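One structure is given below, encoded as structure tokens.
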2 protein chains.
Amino acid sequence: MWGASFYERASRLFQQYPSLSKLLVVATVSGGSLAAFHEGRPFHSRTAYAEAAQSEGESKKKKVVVLGTGWAGVSFLKNLKSSSYDVEVVSPHNYFLFTPLLPSITCGTVEPRSIVEPIRSITKKKGLDVQFREAACYKIDPQNKKVYCRTTQDNNSCGKNEFSVDYDYLIIAMGAKSNTFNTPGVEEHAHFLKAVEDALKIRKSVIDCFERASLPCISEEERKKILHFVVVGGGPAGVEFAAELHDFVSEDLAKLYPSLKDDVSITLLEAGDHILNMFDRRITKFAEEKFSRDGIDVKTGSQVVKVTAKEISTKERTTGHVSSTPYGMCLWATGIGARPEIIEFMKQIGQANRRVLATDEWLRVEGCDGIYAVGDCATVNQRRIMEDISHIISKADTGKSGTLSLEEFHGVIDDVMERYPQLELHLKSKQMSSIHDLLKNSSEKYSSTEVDIETFKSALSQADSQMKNLPATAQVAAQQGAYLANCFNRMEECEKYPEGPLRFRGEGRHRFHPFRYKHLGMFAPLGGEQTAFQLPGDWVSIGYSSQWLWYSVYVSKLVSWRTRVLVVSDWGRRFIFGRDSSRI
Amino acid sequence: MWGASFYERASRLFQQYPSLSKLLVVATVSGGSLAAFHEGRPFHSRTAYAEAAQSEGESKKKKVVVLGTGWAGVSFLKNLKSSSYDVEVVSPHNYFLFTPLLPSITCGTVEPRSIVEPIRSITKKKGLDVQFREAACYKIDPQNKKVYCRTTQDNNSCGKNEFSVDYDYLIIAMGAKSNTFNTPGVEEHAHFLKAVEDALKIRKSVIDCFERASLPCISEEERKKILHFVVVGGGPAGVEFAAELHDFVSEDLAKLYPSLKDDVSITLLEAGDHILNMFDRRITKFAEEKFSRDGIDVKTGSQVVKVTAKEISTKERTTGHVSSTPYGMCLWATGIGARPEIIEFMKQIGQANRRVLATDEWLRVEGCDGIYAVGDCATVNQRRIMEDISHIISKADTGKSGTLSLEEFHGVIDDVMERYPQLELHLKSKQMSSIHDLLKNSSEKYSSTEVDIETFKSALSQADSQMKNLPATAQVAAQQGAYLANCFNRMEECEKYPEGPLRFRGEGRHRFHPFRYKHLGMFAPLGGEQTAFQLPGDWVSIGYSSQWLWYSVYVSKLVSWRTRVLVVSDWGRRFIFGRDSSRI
């Protein structure tokens, strides 16, 4: 195979794998005038093309480097249409992981390979000119437009382990890490649920507890300790894991470990007043009642202060009382924090005093050139209207009259609405249909022909209270990635014909519309084929019907036909054969 | 759930899971007179029954301890019918692994969960009174009939880690470990292929090599080194892995890593003259030719003398020349050796000078009482006819006449044939249909009415040369386990009415027929939908047709309906979507 001449090999390969012809066509199309050359060397066409393009003195493609292959990074790649960029992706994972089904892996409801898709196969399907590097970026150098990377492998010693990549545009989509809030012992003793490896470790650990509890050298009392599962954090991840674990125990393990069934206990610790507190109160109440019926012990107002190998110490928020409970396995799912590389980068660019990397509404990292950040690693630092109010007014008051004519007002108000999304939220929260209602409300001096500047100011000033950070969800990350790809796709076009709002502090318009998050609803599986579903507009559904809604949304969102088929067959398999309890 | 009273819980559970009623029925049937008691406490019935049986002074069940859950151990469990034993299984794996498909896991043709089945679910289906302990036996004490065990978990510190188990009968079915022949560096740098974990590590390692070779810091030369895969050992495991790897590279990875395809090389090192040397020469030749066409470099007569992190050193058998080759990943598949616990045990029972634990033809460990060994951890130490020849003759020559009348001859010859299987093999090898031919052949003094003792002796003496050890295969292990279970099932019956051959050195008959291996054929998948198949009686089939035979044999042999369905769906999935290359 490796010894035969290239032509022989290539032609045999094409006979064997007709789908490669497609690759050749793609390469040819993107290569344009080099088609003849390509036909001879399909496999090297990308590199060859890049080299040839440079040597022929064509204008060099801009290099886009994407760090990370989570929701944000992959959404960017999947939506990038233009072949006018040279894209290089650096990530420690060579696959995309469909994170919403991660809790299902912990108990074997779904298999890990069913919810991952290799990055190379995603970009290959898109026919993009993308290089993938399995490595972790450990340093960003914004001055020299370079990122420094290191392989995550430690078992192969051939060749160097570090390299650097130059960029014209950098997309930081590295995600976040689990936040331990510096609670002692968590890092060492608790499980997290961010990656496939975590979920597999949890699966083993659950079985380990059952096997250990089955040993004859374990006393009745120790058995109960070992079979005490503690989940810290009452958010969707913690709640879903607790529900999955309960189902796994009652549906599958109870049959195989009948004598242990009565010794199992599950505790869900939440520092706040309620679990699922970002959901509607009806859902929270339903979930708490369901868990209580299921025998899952929900302890709210209980903050974990220390974790040791055998015990977990909690402090009651109301009484301040600290107590310790023995446990067998602990999942830590309390939220996310910035990754060390991001913290380092923030120090470099003067964001050291912030908790998370800040971008503007166009997802550009503040204080940097050509660097964008999307997903959990960053937050959109919304601009306060009051910061810019004098600029807005001077821009609006074209006649410098001290009041705004209706024409002048309409000349800026759409741009203001677009530039400062808090204004729309404020109107919504006040149940007002237009800005006129707000103006009318905030001053008696309101007239329908012109707008007093002080009235305008005081009306807008109320809106800043409505500024909210976007939640750290897959939905936000995916929308940001898609938004950014869309900007990159139309970079040249929008350079010539900017489509964004007026620049109040500068001249002209912004090139692009700012990023705007569209909330599509959220859901939390509660176990026992029950799911809570919350759509925008106060629409709440709980129960079996939403389980099916949940299934169908998940399946429609899955990455590829492969993952769709596999997840559905996993569900079918679980339904017929139950979950596997082999410790592998 | 855990808080409610037992009756409530139990009744709710039965409503929810009707299949548990079956468990209750099983428990009731085996419990007999304790049925009323069981109905109230279905989950504790086993323990309760054991306790009750003891306290009521009934004759205590004999305790059978099985060490290991491989082919031999599980085959024993699956064939054990009698509920008159108290069975305890100790194994570091809580599942049975269908090892013939292990090479398929290394490249993702089949998923690991598709070829494992939890021991508890196997024994539960059989309705057996079996306790399973996930632990490794580290010491056997044959004097006190005790085994000492230790948990294999290291992450949970609650309770003790060691315990001992008493036995009346001990079945050692612990398998073997990979044999490195003390070659330096193998343990540290090479991969083995004995367990699921090994196969998963290999799968990761293959992808690691491809990802590492894709990094920009790797030179052309280094890339070739990293993509050099070396398989040591030309037996079925090594050949199948090389074939699987070749298919994985050419069918799947070539599409995703097009620029690396030409840098991949696979080398198969075999110390002997041919690969697959236990197969028919036609198969060996076909395999060698196919591998050569595929570009797999088969080097025979090449013995590995040292492995380092970067290089593998080989010595040519003919020239003695030692050379080193850089490599990226190395699989060591040269055969098996005794496990350290078994070596320790052999020292205790006076088998220190042997390479592997020896049993007699009834699979009883020589020099021990009530200990049996089955599968790869042991070998049947066949008795030479010449050791017993004088006893045979004195038993045969009832008239003490110095010659054997035809009646006397027929009185022992069937027992001799059964007791010494080499005799039948010898006849077969000489293409003789009966012992008379042999006698006729070995002496001119042969008459059809009586047999001269010297003639008899000299005829039998030839047979000992035909003694062969059984191969270390799943087939042998499974047959041994089933044989032993059958003996245990009929222990009492055969005690009264022994069915085995005459005891030449003692009185009466052996209780059981000795174990006799029935070879059902063997096959080796050679990649590219080709399989070599060899059935007893010189029947050889190579090619696509035997691939289907291979599929159907595998499926029919799979442990449960679950594993059958999953393996078939894995094959279908591979056919449609290819193998996944995500590094998880």
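The values are calculated or read from the model by the stated rules, or taken from the named source; none is laboratory data. The model shown is predicted, which means the values in this text are computed figures rather than measured ones. Note that each Cβ is placed from the backbone with ideal geometry, even for glycine, and that neighbours are counted across all protein chains shown. For the accessible areas, the whole protein counts, side chains as well, though only heavy atoms, and no ligand, DNA or RNA atoms are used. Shrake-Rupley method; radii C 1.70, N 1.55, O 1.52, S 1.80 Å.
Being at pLDDT 95 or above and under 13 Å from B:Ile218 (Cβ atoms) is the filter here; which residues of segment A:140-162 pass it?
Matches in segment A:140-162: A:Cys149 only.
Please find, among A:Thr109, A:Thr151, A:Thr123, the residue that is more than 30 Å from A:Phe241 (Cβ to Cβ), more than 20 Å from the chain's Cα centre (by Cα) and open to solvent by less than 30 Å² (accessible area, probe 1.4 Å). Spell out how you get there, then give the answer.
Working: A:Thr109 fails: more than 30 Å from A:Phe241 (Cβ to Cβ); A:Thr123 fails: more than 20 Å from the chain's Cα centre (by Cα).
Checking each option against the conditions leaves just A:Thr151.
A:Thr69 is checked against (1) more than 8 Å from chain B (Cβ to nearest Cβ); (2) within 23 Å of A:Val356 (Cα to Cα); (3) surrounded by fewer than 24 Cβ atoms within 10 Å (Cβ to Cβ) and fails just one. What number does that condition carry?
The number of the failed condition is (3).
Can you tell me how many residues in segment A:196-208 are at the interface with another protein chain (Cβ under 7 Å from one of its Cβ atoms) and touching a helix residue (DSSP H, G or I) at 6+ places or on another chain (Cβ under 8 Å)?
1
Within segment A:212-226, identify whether any single residue is within 30 Å of A:Phe523 (Cβ to Cβ) and open to solvent by 20 Å² or more (accessible area, probe 1.4 Å), and answer yes or no.
Looking only at segment A:212-226, we keep the residues that are within 30 Å of A:Phe523 (Cβ to Cβ), and these are none.
No, every residue in segment A:212-226 fails to be within 30 Å of A:Phe523 (Cβ to Cβ) and open to solvent by 20 Å² or more (accessible area, probe 1.4 Å).
Among the residues that make up segment B:235-242, is at least one of them within 14 Å of chain A (Cβ to nearest Cβ) and surrounded by fewer than 20 Cβ atoms within 10 Å (Cβ to Cβ)?
The initial filter retains those residues of segment B:235-242 that are within 14 Å of chain A (Cβ to nearest Cβ), namely B:242.
Then drop every residue that is not surrounded by fewer than 20 Cβ atoms within 10 Å (Cβ to Cβ), which leaves none.
No: zero hits.
Within the bounds of segment A:165-179, is there any residue that is part of a helix (DSSP H, G or I) and either facing chain B (nearest Cβ under 8 Å) or not acidic (Asp, Glu) (or both)?
Start the filter on segment A:165-179 by keeping residues that are part of a helix (DSSP H, G or I), which leaves none.
No: segment A:165-179 contains no residue that is part of a helix (DSSP H, G or I) and either facing chain B (nearest Cβ under 8 Å) or not acidic (Asp, Glu) (or both).
Rundown of residues vs (1) within 14 Å of chain B (Cβ to nearest Cβ); (2) in a loop (DSSP other than H, G, I, E, B), yes/no style:
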residue: A:Gly500; (1), (2): no, yes
residue: A:Phe512; (1), (2): no, yes
residue: A:Arg516; (1), (2): no, yes
residue: A:His519; (1), (2): no, yes
residue: A:Thr531; (1), (2): no, no
residue: A:Gln547; (1), (2): no, no
residue: A:Ser569; (1), (2): yes, no
residue: A:Phe575; (1), (2): yes, no
residue: A:Asp580; (1), (2): yes, yes
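Within segment B:177-192, can you find the residues that are in contact with a helix residue (DSSP H, G or I) (Cβ under 7 Å, 6 or more places away or on another chain) and at pLDDT 95 or above? Lay out the reasoning, then the answer.
Of segment B:177-192, the ones in contact with a helix residue (DSSP H, G or I) (Cβ under 7 Å, 6 or more places away or on another chain) are B:180, B:191-192.
Listed by number, the residues that qualify are B:His191, B:Phe192.
Among the residues of segment A:546-556 satisfying the criterion of being of a type in the set (Gly, Ala, Ser) and either closer than 18 Å to A:Phe575 by Cβ or open to solvent by less than 40 Å² (accessible area, probe 1.4 Å) (or both), which is farthest from the chain's Cα centre (by Cα)? Show your work before the answer.
Here is the first cut: in segment A:546-556, the ones of a type in the set (Gly, Ala, Ser) are A:546, A:552, A:556.
Applying the additional criterion that residues be either closer than 18 Å to A:Phe575 by Cβ or open to solvent by less than 40 Å² (accessible area, probe 1.4 Å) (or both) yields A:546, A:552.
Numbers: A:Ser546: 23, A:Ser552: 20 Å.
Looking at residues that are of a type in the set (Gly, Ala, Ser) and either closer than 18 Å to A:Phe575 by Cβ or open to solvent by less than 40 Å² (accessible area, probe 1.4 Å) (or both), I get A:Ser546.
When you scan segment A:254-286, how many residues do you find that are of a type in the set (D, E, K, R), more than 9 Å from chain B (Cβ to nearest Cβ) and either open to solvent by less than 10 Å² (accessible area, probe 1.4 Å) or closer than 20 Å to A:Glu221 by Cβ (or both)? Walk me through how you get there before you give the answer.
Residues of segment A:254-286 that are of a type in the set (D, E, K, R), as a first pass: A:255, A:261-263, A:270, A:273, A:280-282, A:285.
Right, trim to more than 9 Å from chain B (Cβ to nearest Cβ) and you get A:270, A:273, A:280-282, A:285.
From what's left, either open to solvent by less than 10 Å² (accessible area, probe 1.4 Å) or closer than 20 Å to A:Glu221 by Cβ (or both): none.
Final tally of qualifying residues: 0.
Could you check, for segment B:184-192, whether at least one of its residues is at positive phi, more than 13 Å from every other protein chain (Cβ to nearest Cβ) and open to solvent by 20 Å² or more (accessible area, probe 1.4 Å)?
Checking segment B:184-192: not a single residue is at positive phi, more than 13 Å from every other protein chain (Cβ to nearest Cβ) and open to solvent by 20 Å² or more (accessible area, probe 1.4 Å).
Any residue at all in segment A:116-139 that is of a type outside the set (Phe, Trp, Tyr) and away from every other protein chain (no Cβ under 14 Å)? Walk me through it before giving the result.
So in segment A:116-139, the residues of a type outside the set (Phe, Trp, Tyr) come out as A:116-131, A:133-137, A:139.
Add one more test, that the residue is away from every other protein chain (no Cβ under 14 Å), and what stays is A:139.
Checked segment A:116-139: at least one residue is of a type outside the set (Phe, Trp, Tyr) and away from every other protein chain (no Cβ under 14 Å).
Suppose we filter segment B:550-567 for residues that are facing another protein chain (nearest Cβ under 9 Å) and not basic (Lys, Arg); how many remain?
Initially, segment B:550-567 is screened for residues facing another protein chain (nearest Cβ under 9 Å), giving B:560-562, B:565-566.
Narrowing the set further to residues that are not basic (Lys, Arg) leaves B:560-561, B:565-566.
Total satisfying the criteria: 4.
Of all residues being open to solvent by less than 50 Å² (accessible area, probe 1.4 Å) and small (Gly, Ala, Ser) in segment B:159-183, which is farthest from B:Glu270 (Cα to Cα)? Just the residue, please.
B:Gly159
Just one of (1) open to solvent by less than 20 Å² (accessible area, probe 1.4 Å); (2) within 11 Å of chain B (Cβ to nearest Cβ) trips up A:Glu251, so point out which.
(1)
In segment B:504-521, which residues are touching a strand residue (DSSP E or B) at 6+ places or on another chain (Cβ under 7 Å) and open to solvent by less than 70 Å² (accessible area, probe 1.4 Å)?
Listed by number, the residues that qualify are B:Phe515, B:Gly521.
Return yes or no: is A:Gly537 open to solvent by less than 50 Å² (accessible area, probe 1.4 Å) and part of a loop (DSSP other than H, G, I, E, B)?
Against the criterion (open to solvent by less than 50 Å² (accessible area, probe 1.4 Å) and part of a loop (DSSP other than H, G, I, E, B)), A:Gly537 does not qualify.
Could you tell me how many of the residues in segment B:522-534 are open to solvent by 20 Å² or more (accessible area, probe 1.4 Å) and under 23 Å from B:Val565 (Cβ atoms)? Don't jump to the end; show me each part of the working.
Residues of segment B:522-534 that are open to solvent by 20 Å² or more (accessible area, probe 1.4 Å), as a first pass: B:522-523, B:528-530, B:534.
Remaining after also requiring under 23 Å from B:Val565 (Cβ atoms): B:523, B:529.
Within segment B:522-534, residues that are open to solvent by 20 Å² or more (accessible area, probe 1.4 Å) and under 23 Å from B:Val565 (Cβ atoms) number 2.
At least 2 residues that are farther than 29 Å from B:Arg573 by Cβ in each: list the helices (runs of 4 or more DSSP H) lying fully within segment B:57-132 that qualify.
In segment B:57-132, B:71-79, B:119-126 are the helices (runs of 4 or more DSSP H) which contain 2 or more residues that are farther than 29 Å from B:Arg573 by Cβ.
Which of the residues belonging to segment B:488-498 are assigned to a loop (DSSP other than H, G, I, E, B) and farther than 22 Å from B:Gly375 by Cα? Lay out the reasoning, then the answer.
The first filter runs over segment B:488-498 and keeps only residues assigned to a loop (DSSP other than H, G, I, E, B), leaving B:490, B:497-498.
Matches in segment B:488-498: B:Tyr497, B:Pro498.
Looking only at segment B:134-174, which residues are in contact (Cβ under 8 Å) with a residue 40 or more places away in the chain and of a type in the set (Phe, Trp, Tyr)?
B:Tyr138, B:Tyr167, B:Tyr169
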